[in-house]
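The values are calculated or read from the model by the stated rules, or taken from the named source; none is laboratory data. Quantities reported herein were computed from a predicted structural model and do not represent experimental measurements. All Cβ positions, glycine included, derive from the backbone under ideal geometry; neighbour counts span all protein chains shown.
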Amino acid sequence: MAAKLKKGDTVIVLTGKDKGKEGKIASVDPKSNKAVVEGINVYVRATRQTQESQGGRIPKSMPMDLSNLAIKDANGKPSRVGFKMDGDTKVRFAKTTGDVI
């Protein structure tokens, strides 16, 4: 099945401690149905010092479920994603406005 949310999409968080915030998707894991959004769902992780990085308490964006995210449409509102055929190509569109993403 085609991915409804992809890397680089601007999304709005629907539930959880960051409800209402928006950010850009940094990575998507379709197998576990999770995505990492920049600046959202941030937790402090203790890491060890290595040759290339300093150790300590480092804030890190953790993955969150795709069902808790909605794409931001042209009006700035959360929208669901649909698929339609545009000529010979399959495209994603925002269901609230009908605009192609």
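Values as computed for the structure displayed
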{"read-out": "Given (1) farther than 25 Å from Ala74 by Cα; (2) touching a residue at least 60 places away in the same chain (Cβ under 8 Å), index of the condition Lys4 fails", "value": "(1)"}
{"read-out": "Selection from the stretch 68-100 of residues that are within 18 Å of Lys24 (Cβ to Cβ) and basic (Lys, Arg)", "value": "Lys72, Lys77, Arg92"}
{"read-out": "Hits in the stretch 77-94 (condition: under 19 Å from Thr15 (Cβ atoms) and either assigned to a loop (DSSP other than H, G, I, E, B) or of a type outside the set (Gly, Ala, Ser) (or both))", "value": "Lys77, Pro78, Arg80, Val81"}
{"read-out": "Verdict on Lys19 being in a loop (DSSP other than H, G, I, E, B) and either among the basic types (Lys, Arg) or touching a Gly at 6+ places or on another chain (Cβ under 8 Å) (or both)", "value": "yes"}
{"read-out": "Considering residues of the stretch 52-71 that are of a type in the set (S, T, N, Q) and in a loop (DSSP other than H, G, I, E, B) only, the residue surrounded by the most Cβ atoms within 10 Å (Cβ to Cβ)", "value": "Ser53"}
{"read-out": "One residue from Gly39, Gly56, Gly20, Gly16 being without any contact (Cβ under 8 Å) to a residue 12 or more places away in the chain and either more than 24 Å from Phe93 (Cα to Cα) or of a type in the set (A, V, I, L, M) (or both)", "value": "Gly56"}
{"read-out": "Test: residue in the stretch 40-49 that is modelled with pLDDT of 95 or more, in contact with a helix residue (DSSP H, G or I) (Cβ under 8 Å, 6 or more places away or on another chain) and part of a strand (DSSP E or B)", "value": "no"}
{"read-out": "Asp29 being at pLDDT 90 or above and either surrounded by fewer than 13 Cβ atoms within 10 Å (Cβ to Cβ) or among the small types (Gly, Ala, Ser) (or both)", "value": "yes"}
